[in-house]
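As structure tokens, the structure follows; a few thoughts come after it.
The values are calculated or read from the model by the stated rules, or taken from the named source; none is laboratory data. What you are looking at is a predicted structure, and each value in this text was computed from that prediction instead of being measured. Cβ: placed from backbone, ideal geometry, glycine included. Neighbour counts: every protein chain shown.
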Amino acid sequence: MQDVSAPSFNNFYRIDTDVNLRELAPFPAVNGFPYVIVPDSVTLYTNPLYSQYIGDNVVTRGRTLLNANGVYRPTSWFSIAADANYDRGDNNQTTYTPRGTPLVTGTGGLSPSLGSLRVENATNEGFIGTVTGSLSKSIGDLTLRLSQRGEVRKETNNELATTGTQFGTEGLKAMSQATVRTTANSLTDYRVLGSITSLGVSFKERYIGDFLLRREGNSLFGAANRWNTFGRASAAWLLSEESWFPLTDFNVFKLRYSYGVTGLNPGFSSQYESMTSDGTGAIRRGSLGNINITPTFTVEEELGLDVAYKSRLSGTLTFVRNRSEDVFVSVPAPAVSGYQTQVTNPAQLGGSIIELTLQGAILANPKGLRWDVLLTADKAWFSTERFGRTCFDDGLQFKCDGVPVSEMWGNMIIEDKSQLPAVHANSQALFDINDDGYVVPVGAGNTWRDGIAKSLWGTNINIDGVNYRWGHPIPRRTPDGVLWYGKIGDSRPDLRYGLQNNFRYGNLRFYVQMNGQLGGNVYAKSNQTYYASGDHPDVSQAGKPDELKKPVSYYNAASNNNNLYLKRFVQSGTHLQLAELMVGYTLDASRFRFLERVGFSRAQFDFIGRNLGVFSNYTGLNVMGGSPTVRIDDATYPQTRTLTGVITLTF
Amino acid sequence: MTLPASRSATPRGRRTGARAALAAGALALTVGGCLDLDVTDPNNLGINTVFNNAANTEAALIGSFKAYTLTMRGTCASLPLEIYANVQTSTAAAYLEFSQEPRIPINNRDNLNCLSRYIFNQYYEAAAGARESFIGITTNNLKFGTVNTANPNGVDTPSRKIFARFIIAASQLQLALLHDQAYITDTITPGFNQIVQDFSPWPEVLENAKAQLRAAIAEARSAPNFTLPTLFVNGVAVTRDELVRVMYSMLVRADVYSPRTPAQRAAVNWQAVLARLDSGIVRDFGHIADPAVASTASAYITNSFAQNTVRLSNRFIGPADTSQNYQNWLGRTIATRNSIQIFTPDRRISNTTLTIPITGPGRIQRVTSTMGSAANGAYLTSQYRHVRYLNQAADSGSRTFVPMITVAEMKFIRAEALFRLNRRAEAAALLNETRVPAGLRPVTADGPPAGRDCVPRKDDGTCGDLFDAIQYEKRMELFPSSAEINYLDARGWGRLLPGTPLHIPVVGRELITRRFDFYTFGGTEDAQNSAQLPNAHRP
């Protein structure tokens, strides 16, 4: 059971930093909550402590696992195994606001809630049964492993949610007290039949091969594409085991290659057209099903080299190339169908990555000092080989043939007078470049510093028939008058790296892990959001000389009211994170006798800190936000810093 | 039950392992043998569960009509159209794309564009549902109502087919009036889930709409009398003859509103329009908004009395001004314009607070507060809002009659037709029905009487003519009955500001889906697709 009440992260940030959330209310409006409920005189955000105080949201989870298996070996080289698994998960959640609970209104006052209760029950059940016949045989230097498996799988998810509002009474958390009740349910049913054949071959333990073929029938696809074939083949050659191998200082020198085809399933509803009642006698349309949807097939090739040098230094170098065909894309359904969206398989994406790991002992002192280092580095490339449809912008991405999915595309504010519309070709002197680097309209005889001195803020200015707000940033447009749209950044870093150091001296242990990246961009959506809402620290003009001061509307305009992705909010993603640090010490009873007296043979003390710090020039909230292909810092809860102390006592 | 692997090494373990393997294998094989991979969707209705069933098909028809009404009930796209028509103005950032001057192109790349998306996709939701209902009725031999010897196919079956065709025709008409091109929807193309079709230019879509209307009229006339239940057009029972009249009025709209330029509008066969008006509606056609019935509320009506960032355009009330304030406003540059107070003998416009609900002629009320977001352009601000449909409960949009075609609209079309046919005295008489009670002197065949109290006035302040009076009276009386009518009239009367799209491009998301080249309208003075100078109302 878990209390899941959580106020919006944005509310924490939007309330000014100098506001005291624990300021005592002179006349508390709610018994038990002594603090001011709207603590910021500038904004109307509810005190997050109050949100937490009144929240009565509880999640209860349960899980049941049953397994039956057995193996029958009629001979030493043949066996039959069967395995049956049952997995049930129950997830019940209630979200409750009692009637009468004072809630903050749009004008900053308090208004009693009419009460609401939402009860959600979700149950998922899964059954997987397999029967496997295995054959294992050695013939001379040749070792064979062959297995044939049949698999059956069924998963159902059943959800029921009831919402009650407008409670008729106070003090009873019961759906029966709600005067308005609505209920919704959904059920998904997923079934798979599979046949898996695998063959493992090893000759003289230096030539190794592994092959797998999977034939699968899947209920998530229409009849025409229900059965699909996937597979994998891999080979490895241990050159260091060859008698002729000249580099004898290498204990391990292994070349490996693998090729595999895997499939990705669509969502349960992707194949079905959906129409549903609006509850008052009408049927409306939702998404257009795709009966011809196929799996997304991903072909991955991996070429690698594993080496170990004098049992002291080891490393791997791996090159991976993958190509995904028939990638799912939820697209607008053709309008003539009357539906809104459809899941299709139009895209082909690709990518490659090169990875390097090096591990070794820097120090191995006989007196007990040891220092081991693990260094990892990788560099990735992404590409969109085919999108199968007209190019379109999808958030920060431009989905188009040949455009890597990691590229950021968006709009920009004019930062150079050459970007002004052609109509201003002869009147560029009426614009000025301000201290933020924006080209702003100022008019004849004025500079961007004159806003307060000449009372120009809040006025409009007409230049060549175009109306502007004085001193405000201007979105860049093409000669056709539409908003400029182009590449504004790239989420792909030049290099990602990690460094782990492990020190040990006697009973003292010290471990530090650092991660980071060089190059690549992050979109500071958090900055843009707070520019638009007026909550960014830059919006505060306190302490600035008048000529540098700007109104809130200036920052709203600089963020285009948070409506577009703007080049100005693209920043470098270069950073170094102190990901983990551990200090430990072990007390041994043989040396510290007092342990024996209290019955312990050993006591181990560890202090672990995670996410201890990030070093970067990034000005938003979280330089590590977003996904590898879309690095966007969108003002969500950042990674938390944890400090853990562990004492391990051994009897 | 999990057995240690080592137990299978002993004879007893092997026997136990064999039994367990047998049991688990048998269980897996049993489940596998029973497992049917053909799973239906338990959460939603599909083609087979809707159009094979009469009750569901009827519900789909009702849903299709709601989808049809949605476009002009919602803020999107009614407000952008009213802004383009210079009836309403907005300082809200979300609508600057439409209100900004000089006009800028529609941001058609925006998947959620408030104008281009909604007027395209929602009409096709309506048309697709109606088309598939029609196909379902005919191909699956669905029967509605009592089945007896006299009515072996169901007594209500003809009316359902007629209603389906009516929705198709109405949707096609809206698409032809508002877009440069669209898909043609008919009742002949077989099959469900129609997804591949080429665009047709708007004149072809218009002809299809008219053909569907004529076919539906003919079918209705040959069908037994019927009355559509109140669930169809919510809260309003519609008889066969009333439906026929609605369709005749739609044919009138097709002729009058389809022209893209004043010259084309002047060339309309006004004699035919007059003749068809006689067969048109004799009571307003629309539905009752009911908070208990989904998809019946009208944000559009609620927006008519908005006062924060949406108010009436100065260009809407300006022709009523007799103080020169409007002419002075027009004479200023955009950068120096601000909201203005007007003075007029038209009692429909009041500079004092009106009593709500409205009982007298007053319907436009001055608001002294500054519009919200005025920083987005003082030239966009106004001091007036419309309160005709504001009631004390402030729930006007969710508990009111939502008109779709009104008798008043048909009357003003008649007035224009009479004017175009040089029957000016008859046209003037129609205007005076509302003009005189509003305190204005009656117009004659020569137009409004000259003098200090002449209303309406032209942009240069001189007394307007009879055609100006027709335009003024129609806008004043109809608002806010149909958002698109103001836009279509402004287009045909040459009242759109330069750079305003003459029709709306196919929404960008559809172009993307169908792999067509992207395009948009507006901003530039493209003779085919955007309003041009000279214009009746220059900025």
Could you tell me which numbered condition A:G304 fails, if it satisfies all but one of (1) outside any loop (DSSP other than H, G, I, E, B); (2) touching a Ser or Thr at 6+ places or on another chain (Cβ under 8 Å); (3) modelled with pLDDT under 95? (3)
Which numbered condition trips up A:L193, out of (1) in contact (Cβ under 8 Å) with a residue 40 or more places away in the chain; (2) in a loop (DSSP other than H, G, I, E, B); (3) buried (at least 16 other Cβ atoms within 10 Å of the Cβ)? (2)
Would you check which residues across the range B:166-184 are among the β-branched types (V, I, T) and either at pLDDT below 95 or within 17 Å of the chain's Cα centre (by Cα) (or both) and list them? B:I167, B:I168
Selected residue [in contact (Cβ under 8 Å) with a residue 40 or more places away in the chain and of a type in the set (K, R)] from B:R253, B:R276, B:R214, B:R221: B:R253
Residues that are assigned to a loop (DSSP other than H, G, I, E, B), of a type in the set (F, W, Y), more than 41 Å from the chain's Cα centre (by Cα) and crowded, with 16+ Cβ neighbours inside 10 Å: does the range A:450-463 have at least one? yes
Restrict the check to the range A:347-370 and report whether at least one residue is surrounded by 17 or more Cβ atoms within 10 Å (Cβ to Cβ), within 14 Å of chain B (Cβ to nearest Cβ) and at pLDDT below 90. yes
What are the residues in the range A:479-498 that are of a type in the set (A, V, I, L, M), surrounded by 17 or more Cβ atoms within 10 Å (Cβ to Cβ) and touching a strand residue (DSSP E or B) at 6+ places or on another chain (Cβ under 6 Å), if any? A:L483, A:I488
Within the range B:492-525, restricting to residues that are within 11 Å of chain A (Cβ to nearest Cβ) and basic (K, R), the one that is surrounded by the most Cβ atoms within 10 Å (Cβ to Cβ) is B:R509
Pick out, from the range B:297-369, the helices (runs of 4 or more DSSP H) lying fully within it that include 2 or more residues that are at pLDDT 95 or above and within 27 Å of the chain's Cα centre (by Cα). B:314-317
B:A126 fails exactly one of (1) of a type in the set (A, V, I, L, M, F, W, C); (2) out of contact with any Phe, Trp or Tyr (no Cβ under 6 Å at 6 or more places or on another chain); (3) at the interface with another protein chain (Cβ under 8 Å from one of its Cβ atoms), namely (2)
One residue from A:R469, A:R509 being of a type in the set (D, E, K, R) and surrounded by 20 or more Cβ atoms within 10 Å (Cβ to Cβ): A:R469
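Residues checked against (1) within 13 Å of chain A (Cβ to nearest Cβ); (2) buried (at least 24 other Cβ atoms within 10 Å of the Cβ); (3) farther than 23 Å from B:L511 by Cα; (4) charged (D, E, K, R):
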| site | (1), (2), (3), (4) |
| --- | --- |
| B:T75 | no, no, yes, no |
| B:S78 | no, yes, no, no |
| B:E82 | no, yes, yes, yes |
| B:T91 | yes, yes, yes, no |
| B:P102 | yes, no, yes, no |
| B:N108 | yes, yes, no, no |
| B:C114 | yes, no, no, no |
| B:N140 | no, no, yes, no |
| B:K143 | no, no, yes, yes |
Would you confirm, using the coordinates I've provided, whether B:E473 is under 23 Å from the mean Cα position of the chain (by Cα) and at pLDDT 95 or above? yes
In the range A:254-294, which residues are away from chain B (no Cβ under 14 Å) and either part of a loop (DSSP other than H, G, I, E, B) or touching a residue at least 60 places away in the same chain (Cβ under 8 Å) (or both)? A:L264, A:T294
Among the residues of the range A:138-146, is there at least one that is under 30 Å from A:Y257 (Cβ atoms), away from chain B (no Cβ under 13 Å) and not in a strand (DSSP E or B)? yes
The correct count of residues that are surrounded by 15 or more Cβ atoms within 10 Å (Cβ to Cβ) and free of Cβ contacts under 8 Å to residues at least 24 places away in the same chain in the range A:214-238 is 2
Being of a type in the set (F, W, Y) and in contact (Cβ under 8 Å) with a residue 60 or more places away in the chain is the filter; apply it to the range A:298-329 and report the residue that is nearest to A:F268 (Cα to Cα). A:F328
Report yes if some residue within the range A:73-84 is of a type in the set (F, W, Y), in contact with a Phe, Trp or Tyr (Cβ under 6 Å, 6 or more places away or on another chain) and within 14 Å of chain B (Cβ to nearest Cβ); otherwise report no. no
Count, please, the residues in the range B:391-410 that happen to be in a helix (DSSP H, G or I) and either of a type in the set (S, T, Y) or farther than 23 Å from B:G74 by Cα (or both). 1
Filter result (buried (at least 23 other Cβ atoms within 10 Å of the Cβ), of a type in the set (A, V, I, L, M, F, W, C) and in a helix (DSSP H, G or I)) within the range B:411-440: B:F412, B:I413, B:A415, B:A417, B:A427, B:A428, B:L431
Residue check: is B:S396 under 21 Å from B:P291 (Cβ atoms) and buried (at least 21 other Cβ atoms within 10 Å of the Cβ)? yes
